[in-house]
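Engineer: Structure below; questions to follow.
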Amino acid sequence: MENDNATAWLRKEGNTKEFCNKVGPDAKFKTRTYILIAYNVPIILDLENEKHLAEIHKVNQIEEGSIIKVRWVAK
């Protein structure tokens, strides 16, 4: 996108579909994903607990819903 305002507009519900319709019938929007390994995470973290995931979003200033998968990695 050209600027932050355009990016924010595209993230709003419904705008992605509208954008793709304007571009062409075969246009698809794919959200970028990242793989991240976090070290020294407390073992009390419950991967199924929505409150824990919400805290991760808040503390790290990550947009709610951006984390799509969390799992433990064995050494």
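Only the coordinates and a few stated rules stand behind these numbers; no lab work does. Quick caveat, the model's predicted, so the values are computed rather than measured. Please note: Cβ atoms are built from the backbone with ideal geometry, for glycine as well, and neighbour counts cover all protein chains shown.
Engineer: With labels modelled as points extended 7 Å from the Cα through the Cβ direction, what inter-label distance (nm, one decimal) is found for C20 paired with A74?
Structural biologist: Spacing of the two 7 Å Cα→Cβ label points: 3.8 nm.
Engineer: OK, next. Within straight cross-link reach of K17, meaning Cα distance under 17 Å, which aspartates and glutamates are found once same-chain residues fewer than 8 apart are removed?
Structural biologist: D26
Engineer: Measuring from label point to label point, each 7 Å out along Cα→Cβ, what is the I67 to K12 span in nm?
Structural biologist: 2.8
Engineer: Scan the chain for GluC sites (Glu not before Pro) in coil per DSSP, keeping those whose Cβ has at most 15 other Cβ atoms within 10 Å, and list them by number.
Structural biologist: Of the GluC sites (Glu not before Pro), the ones in loops of the chain whose Cβ has at most 15 other Cβ atoms within 10 Å are E2, E13, E48, E63, E64.
Engineer: Still on this structure, I have one more. Scan the chain for chymotrypsin sites (Phe, Trp or Tyr not before Pro) in coil per DSSP, keeping those whose Cβ has at most 16 other Cβ atoms within 10 Å, and list them by number.
Structural biologist: Within the chain, the qualifying chymotrypsin sites (Phe, Trp or Tyr not before Pro) (loop, at most 16 other Cβ atoms within 10 Å) are F29, Y34, Y39, W72.
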